[in-house]
Amino acid sequence: MQDLIAPFVTLFVTIDPVGLAPLFLALTGGMDRASRKRIAIRGTLIGLAILVLFAVAGTMILQTFGITIHSFRIAGVLLLFWIAFEMIFEKRQDRHEKSTERVVAAHEIHSLAVFPLAIPLIAGPGAISATILLSDQFAGIVDRGKLIAIIGVIIALTFVIFVLAERVDRFLGFTGRMVLTRLLGVILAALAVQFVADGIFALISARAV
C-alpha cells in the first residue's frame, strides 16, 4: 500500500484537481449544470485516455526517439520542479487562467473539453512526464495495471471535483486555495528530489554495467 501512496500523490499534485476547480468554473461560465457535467465527462475521459496511453506506451515512444528512461527521468524532474515552483509562487494558476482567457476570447466553447480542459490542464506536460517516469517503476503487467488504476482514481476524483466545483471553490475560498496550492507545491518538489536521486543512481548503474 505504501508503494502506491507516492505515485498517487505525485500524479494528484501534478494534475491538481482542486486547483483546476475554479478554472473549470471560469471555462463553463454561463452554462447550466447539465452542460457543465457533459464537458466534465468528456474532458476527464480524454485526459484519462492520454495518460493511459503514456502509461502503457510511454517508454516505447521514448525508445523511438532514442531516449533512455533514465535520461528522461532526470529531464522530466526538471519540469516537475518547475511546476512546483509555479505552484509555490502562484505562477501556474496565472498561466492556466491566461489559457482560459484565450479560448473564451476565440469563441471555442464547443472544444473546451479538449482544449484547454483535457490538454493541457488535466493531461499536461507535467502529468505526462510524471506518468512516464512512474511507468518505469511499474514495469510488470500487474504493476502497470496498478498505475492505470491510480490514474483512473485520480481522474474520477477530478470529475467529482469538477461536478462539485462551485461548492469546492466556495468552501476553500481564496486563502484556502492559496495555502493548499503552496503546500502541494512543496510536496511535489520533495518528490522531485527523490526522482532526481533515483534517476542519477540508475543512470550511473546502467553506465557501470
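The values are calculated or read from the model by the stated rules, or taken from the named source; none is laboratory data. Just so it is clear, the model here is predicted, and its values are computed rather than measured. Cβ placement follows ideal geometry from the backbone for every residue including glycine, while neighbour counts extend to all protein chains displayed. Calculation scope for accessible area: heavy atoms of the full protein, side chains included, ligands and nucleic acids excluded. Shrake-Rupley method; radii C 1.70, N 1.55, O 1.52, S 1.80 Å.
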Practice problem: Quick one: count up the residues across the stretch 7-40 that are in contact with a helix residue (DSSP H, G or I) (Cβ under 7 Å, 6 or more places away or on another chain) and outside any loop (DSSP other than H, G, I, E, B). | Solution: 23
Quiz prompt | Candidate set from the stretch 148-180 (those that are closer than 12 Å to residue 20 by Cα and of a type outside the set (A, V, I, L, M, F, W, C)); member that is modelled with the highest pLDDT | solution = 158
Quiz item: Only one residue in 179, 186 is aliphatic (A, V, I, L, M) and in contact with a helix residue (DSSP H, G or I) (Cβ under 8 Å, 6 or more places away or on another chain), so which one is that?
Solution: 186
Quiz item: How about the stretch 1-56: which of its residues are modelled with pLDDT of 85 or more, of a type outside the set (A, V, I, L, M, F, W, C) and open to solvent by less than 40 Å² (accessible area, probe 1.4 Å)?
Solution: 7, 10, 14, 16, 17, 43, 44, 47
Practice problem: Tell me which of these residue 125 doesn't satisfy, since it passes every other one: (1) open to solvent by less than 70 Å² (accessible area, probe 1.4 Å); (2) at pLDDT 70 or above. | Solution: (1)
Practice problem: Only residues in the stretch 138-167 that are within 30 Å of residue 34 (Cα to Cα) count as the first member; pair them with residues that are of a type in the set (Phe, Trp, Tyr), Cβ under 8 angstrom, at least 6 apart or cross-chain, and list the lot. | Solution: 150/8; 153/8; 154/8; 154/12; 157/12; 162/24; 165/24
Self-check item: Residue list for the stretch 137-160, filter: part of a helix (DSSP H, G or I) and either on the phi > 0 side of the Ramachandran plot or open to solvent by less than 30 Å² (accessible area, probe 1.4 Å) (or both)
Solution: 147, 150, 151, 152, 154, 155, 158
Quiz item: Can you name every residue in the stretch 108-136 that is of a type in the set (Asp, Glu) and part of a helix (DSSP H, G or I)?
Solution: 136
